[in-house]
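Below: the structure, in C-alpha cells.
Every read-out reported here was derived from the displayed coordinates using simple, explicitly stated rules and does not represent laboratory data. All values derive from a computational prediction rather than experimental measurement. Positions of Cβ are backbone-derived with ideal geometry, glycine not excepted, and every protein chain shown enters the neighbour counts.
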Amino acid sequence: MQLEKVYDPQQFEPRWAEVWRSSDFFLATADTHDQRPVFSLVIPPPNVTGSLHMGHMLEHSEIDVTTRWFRMRGYNTLWLPGTDHAGIATQMVVERELAKQGISRHDLGREAFEAKVWEYKELHGGTILRQMARIGDSVDWSRTRFTLDDGLSHAVRTVFVNLYRKGLIYRGPYMVNWDPTLQTALSDLEVVHEKVEGKLWHVRYPVKGSAEYLVVATTRPETMLGDTAVAINPGDERYLHLHGRTVVLPLMDREIPIILDEMADPEFGTGCVKITPAHDPNDFEAAQRHNLPLIRVIDEHAKITSEGGPYSGLDRYDARERVLADLDAKGLLDRTEPHELSVGKSQRTGVIVEPMVSTQWFVRTKPLAEKVIEASQAGRTVITPDNWQKIFFDWMYNIRDWCISRQLWWGHRIPAWHCHDCHGITVAMEDPDKCEHCGSANIAQDSDVLDTWFSSALWPFSTLGWPEKTPALERFYPNTLLITGFDILFFWVARMMMMGLECMGDVPFRTVYIHGLVRDAERQKMSKTKGNTVDPLETIDKYGTDATRITLLLGAAPGTDIVLTDERLTSSRAFANKIWNAARFLFLNMERCGVEPWMPEEQACYAPHPDPVTGEVPLEDRWIFSRLNYYAGTVNKAIDSYRYHEAAQQVWAFFWGDFCDWYVELKKLRFEEGSGLNHHWKNILTVFESALRLLHPVMPFITEELWQRLRPEGSNRSASICLARYPEPDPSAEDATAEAEVGALQSIIGAVRNLRADLGQDPKKTIDAEIYARGIAFTAASGQLEALNKLASISAKVTEGNAPELRGAVRSTPSFDIVLLVSAAELEAQRNRVEKDQLQLLKAIANAERQLSSEEILSKMPPHVVETLRSKLDEYRAKHEKNQEALSALAR
RNA sequence: GGGCGCGUAGCUCAGUUGGUUAGAGCGCCUGCUUCACACGCAGGAGGUCACAGGUUCGAGUCCUGUCGCGCCCACCA
C-alpha cells in the first residue's frame with residue numbers, strides 16, 4: 001500500500017497512444033444504451049498515417065468516456081473490426097519509400113506493389129490495446145481488421161452490383177487533378193492552392209470573314225491549342241452582334257464557334273473567354289452545356305499531344321513560351337498584364353497539377369441524398385451541436401455525383417469487366433469469364449479501385465455480417481451515437497447515411513456528435529505542413545495519459561475549438577497527483593489504524609454507516625454522501641448530453657473541492673490509531689471508492705490503479721473498475737440538512753480565516769474567539785466545534801443568539817457573528833474592508849428593492865425568482881445592519 | 001461572393017429555455033515546508049461581459065448595426 005509522493009504516470013498508464021500511431025485500421029466499439037446500440041469509432045484520417053494526431057486524442061477521449069460510461073452502466077460491449085480505411089495512406093507511405101530508392105510503382109508492377117503494402121501493414125499495424133486486455137472482454141482479435149480479402153469485399157461488391165443494376169452507378173467524363181510526376185489522379189483535398197504572381201495574356205482571335213477580332217484573356221496560353229469555343233456573356237452588348245459567327249483559332253487555324261454563356265464575366269478582362277474543355281474544370285462544364293468537343297492537347301506527362309500540331313512533344317511550359325513567341329510574331333498578342341492567380345499544387349510532390357479529362361465511375365447521389373434529407377428532417381438522425389445540422393442540409397441539397405473510381409493499386413477493385421471486342425461492360429457478383437453482351441472471352445477487369453469512402457460508407461452494417469441477416473446486425477443496427485470531427489461529416493457521415501438508408505432501409509445512427517478542433521497555443525489549427533503539431537506521445541510522456549485526456553475534455557465545450565497549452569496540461573497533471581496523494585493519505589492512515597483494503601459490496605447508490613453505539617451518522621459523512629449523490633447526478637447528465645467539459649469540471653470540483661478540501665480535513669479528526677475498520681473508515685472508503693468510479697471515464701488509468709489497490713484480496717467485486725457500476729443519483733440520498741450545516745460551518749471557517757488574514761495574524765496561532773450562531777445547530781456529538789477550532793485555528797466559545805456587543809474584530813452574517821478580541825492597532829485594517837462591503841450591499845439592496853416594490857414587475861416574475869429575491873434582500877439588509885454596527889464599534 | 005463562428009479577469013476559456021453581488025484554471029500579491037500532496041494549503045487583488053442602439057420589469061445571454069479576429073465553401077479566363 002506504499003505510494004510514492006509524486007504520481008508517476010509512466011509507471012501505471014499504458015501508452016495506448018502508441019497503438020494509434022501504429023495502427024492502420026479503424027478501431028470501433030459498440031455498446032447498447034437504453035435497449036438501443038451505440039457505437040463509436042476512431043479512425044486515423046488518410047493524411048496522418050505514421051503519426052498520431054491530437055485531434056484523435058480528443059476524439060478518442062470523448063468516445064472512450066462515453067463507452068466506459070455505457071459499460072459501467074451495465075450494457076454489453078461489442079468490438080467491431082475496422083475497415084481498411086488507412087490502406088490508401090499506407091500505400092502513399094510505401095510509394096514515398098519506394099521513391100526514395102528511385103522506384104515507381106509502375107516499375108514494380110501491381111502484384112509486387114500490393115505485397116509491399118501488405119508487408120508495411122504487418123510491420124506497423126496490429127498492436128492491440130493493452131488496456132483492453134485488462135478489461136477482460138472477450139474479443140476475437142483475429143477479427144479486428146477488415147482487409148481486402150475478407151467479408152468487406154463481399155459487402156462492397158454486393159453494394160456495387162446492386163447500385164449498378166439500379167442505375168445508380170454509371171461511367172462518365174470527369175475532370176481530375178493529375179500529378180504528372182506521380183502519374184496519378186489526386187483528390188481535391190490533396191491539391192493545395194497557392195497564390196502566385198502570374199500574367200494575364202490578351203490574345204486576338206480573328207473573327208472569320210471579318211476584320212474584327214475578339215480579345216480573350218488567359219493565364220495559360222498553351223491551352224489555347226485545345227480551344228473549342230469562345231464565350232461571351234448573353235448580356236454583353238459589345239459582342240452580341242458576333243453571336244453565331246466563328247473565330248479562327250490562331251496557330252491552329254481551326255474554326256471555333258462564338259457561344260453565349262453566363263460564365264463570361266463582362267467585368268473581367270475583355271469579357272471574352274476561351275473554352276478549353278479538356279484542360280479546365282469550368283470550361284469542361286461549359287462544354288457539357290454546349291455540346292462542344294473535347295480536344296486533349298496535354299498528356300499525362302504534361303507534354304503537348306499530337307493534337308497540338310507543331311508543338312507536339314513539348315513540355316507544357318516550353319510550349320507556352322513558343323506559343324507566346326509565335327503569337328507575338330503574328331501580331332496577335334494584344335497586351336500582357338501582371339495578374340495574381342492561384343495554382344493548384346500536388347500536396348505530395350509540389351508539382352503544379354494538370355486538370356485532365358478522364359472517364360470515371362460515379363454514384364448518382366441525388367436519389368440517395370433525398371432519402372438522407374427525408375430521414376434527417378424526420379429527426380431520425382440528429383446532428384449536435386445543431387448548427388451542423390443546417391450545414392449538413394445545405395450540403396445534401398447541393399450534392400454532386402460522387403466519383404468513386406481511383407487510379408490506385410490498393411483498394412477494392414471495381415467489379416467491372418471491359419470487353420475488348422464489343423466494348424460492353426460486365427458487372428457481376430462472380431468473376432465472369434466472358435462478356436455478357438457478346439460472349440467474347442477477350443475481357444479484362446477495370447484497373448481502377450474504389451474510393452476508400454465507398455467501403456467506409458458500409459461500415460455500420462458490413463462489419464455486422466451484412467448481407468447475411470446476422471443476430472448482431474439485427475441487434476446493433478441502427479446504432480445510437482457517432483462521435484466524429486466535422487472535417488469528416490461530408491466524406492463519411494453523409495455517405496454512411498446514404499448507404500445505410502439504401503441498403504438497410506434505415507439510418508445507421510440516431511445521433512451524430514461533432515467535436516471541436518484542437519489548436520495550438522497561438523490558436524492556430526494544427527497541421528503537418530505548418531509543423532505546429534503537438535505530438536501526443538511527447539505530451540503523454542511529459543504529463544501522462546490521464547492528464548492529457550482530462551485537459552482535452554475540459555476544453556471540449558461543444559461547438560468550440562480546443563486550445564492546448566502547457567499551463568492547462570500542468571494543472572491537469574496536478575489534479576492527477578492530487579488524486580494520488582489523497583489515496584496516499586488514506587493508505588498511510590489505514591496502516592496506522594490497522595485497516596485492511598476494503599470496499600463495499602457493489603450497489604448503485606450507498607447510504608452512510610452509523611456509529612454502532614449511538615446509531616447516528618457523523619455529520620461529515622451525511623454531507624459527503626449527499627454531495628456525492630449530487631455530483632453523480634450532474635456528471636451523468638453531462639455525459640448523457642455530450643457535455644464532456646462539464647463532466648470533467650464536475651468530477652474535478654467534487655474530488656478536489658469537496659472531498660479533499662473539506663471531507664478529508666474533517667475526517668482527520670476521526671482517525672484513531674489501531675481503531676480497525678470502524679464506521680468512519682467504512683464511510684470514507686465507500687466515498688473514495690465511489691469517487692474513483694465517478695472519475696474513471698475521465699481519468700481511466702490512475703483510477704484503475706488505485707481501485708485495484710483498494711480492492712481486497714478475494715473480493716467478489718468485478719475484475720476491473722471499468723466493469724464496476726457507475727455511480728447514479730438517488731433522491732433519497734439527498735441530505736439538505738447536512739448540506740446546510742456543513743455549509744454554515746464552511747462559511748464560519750472561511751469568515752474567520754478571512755478576518756484573520758485581514759488582521760495580519762499568524763494563521764497557525766490559536767486564538768480565542770466568540771461565535772454567536774443563529775439557526776445553526778452546534779451539537780457536541782457532531783464534532784462541529786472541534787472542526788471549527790482545528791480548521792480555523794481558534795479556541796471558540798459558541799453561543800446561540802446575537803452578540804451582546806460588536807466590539808473588536810467582527811465579521812457578521814445573518815446567521816452568525818464572529819468576534820475576535822484583538823489589539824486596537826489590528827483593527828484599522830478592518831475598516832476599509834467593511835466599508836467596501838457596504839457599498840456593494842447597498843447596490844444589491846437598492847436593486848432588489850426596486851424590483852420588489854413594483855407590482856408590475858412582481859406580476860411578471862416567476863414565483864421562484866421572487867422567492868429567492870426576497871430572501872436575498874433580507875440577507876443583504878441584515879448583513880448591512882451588522883456591518884453598520886461593527887463600523888460604529890470600530891469608531892469608538 | 002455565399003455561409004458559419006468568435007470578442008467575458010493579465011492569459012486560456014466556461015457561462016444550456018433571459019432571473020442571486022458574472023465563474024474556473026493558470027499567472028499575480030500576501031502568509032505558510034502543518035506528520036497525503038509546494039504538482040500543496042490558506043487568504044487576496046483583478047471584469048462598465050468589443051462598441052452603439054433596441055426589445056424587456058430585468059440582457060453576458062434575444063434583435064439590429066459598427067469595429068476587430070478566425071474558419072469553411074465557391075470563384076479566380
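Given their separation in residues at 0.36 nm each and the Cα-Cα distance between them, residue A:596 and residue A:578 gain 4.2 nm when the chain is fully extended. How high is the FRET efficiency from residue A:321 to residue A:241, r the C-beta distance, R0 30 Å, rounded to 0.05? Calculated value: 0.25. Among beta bridges from DSSP that stay inside chain A, the antiparallel ones total about 80%.
Taking the inverse of the mean reciprocal distance over all distinct Cα pairs, the Kirkwood hydrodynamic radius of chain A comes to 33.4 Å.
With a simple spin-label model that places each label point 7 Å from the Cα along the Cα-to-Cβ direction, the separation between residue A:98 and residue A:607 comes to 7.2 nm. A cysteine counts as unpartnered when no other cysteine's C-beta lies under 4.7 Å of its own; in chain A this applies to A:272, A:403, A:503, A:593, A:605, A:660, A:722. Short-range pairs are left out: with C-alpha atoms under 8 Å and at least six residues apart, the relative contact order of region A:321-443 is 16 percent. Here the relative contact order of region A:766-892, from alpha carbon pairs under 8 Å that lie six or more residues apart, stands at 26 percent. Residues with beta-carbon under 10 Å from that of residue A:608, excluding residue A:608: net charge, scoring Lys, Arg +1 and Asp, Glu -1? It works out to a net charge of -1. Against chain A, whose longest principal axis is taken from its Cα atoms, helix A:281-290 shows a tilt of about 60°. A straight Cα-to-Cα reach below 22 Å connects residue A:860 with the lysines A:872, residues fewer than 8 places away in its own chain not being considered. Distance between the 7 Å Cα→Cβ label points at residue A:384 and residue A:267: 4.4 nm. Rounded to 0.05, the FRET efficiency of the residue A:166 and residue A:425 pair, given R0 = 22 Å and the Cβ-Cβ distance, is 0.90.
Normalising the average separation of contacting C-alpha pairs (under 8 angstrom, six or more residues apart) by the number of residues puts the relative contact order of chain A at 12 percent.
Given their separation in residues at 0.36 nm each and the Cα-Cα distance between them, residue A:764 and residue A:110 gain 227.5 nm when the chain is fully extended.
Label sites at residue A:2 and residue A:708, each approximated as a point 7 angstrom past Cα along Cα to Cβ, lie 1.9 nm apart. Annotation: lysines with alpha-carbon distance below 30 angstrom to residue A:542 (same-chain offsets under eight excluded): A:5, A:121, A:525, A:528, A:530, A:578.
Compared with the dominant principal axis of the Cα atoms in chain A, helix A:54-72 is inclined by about 60°. Starting from the Cα of residue A:779, step 7 Å toward the Cβ, then list every residue of region A:601-625 with an amide N under 20 Å from that point. Of the residues in region A:601-625, A:607-625 have backbone N under 20 Å from the label point off residue A:779.
Work out the FRET efficiency for residue A:306 and residue A:282 from their Cβ-Cβ distance, taking R0 = 25 Å, and round it to the nearest 0.05. E(calc), rounded to 0.05, equals 0.45. Computed from backbone phi, the HN-Hα couplings of region A:658-663 come to 9, 5, 6, 5, 10, 5 Hz, rounded to whole numbers (Karplus: 6.51 cos²θ - 1.76 cosθ + 1.60, θ = phi - 60°; Gly and Pro given as x).
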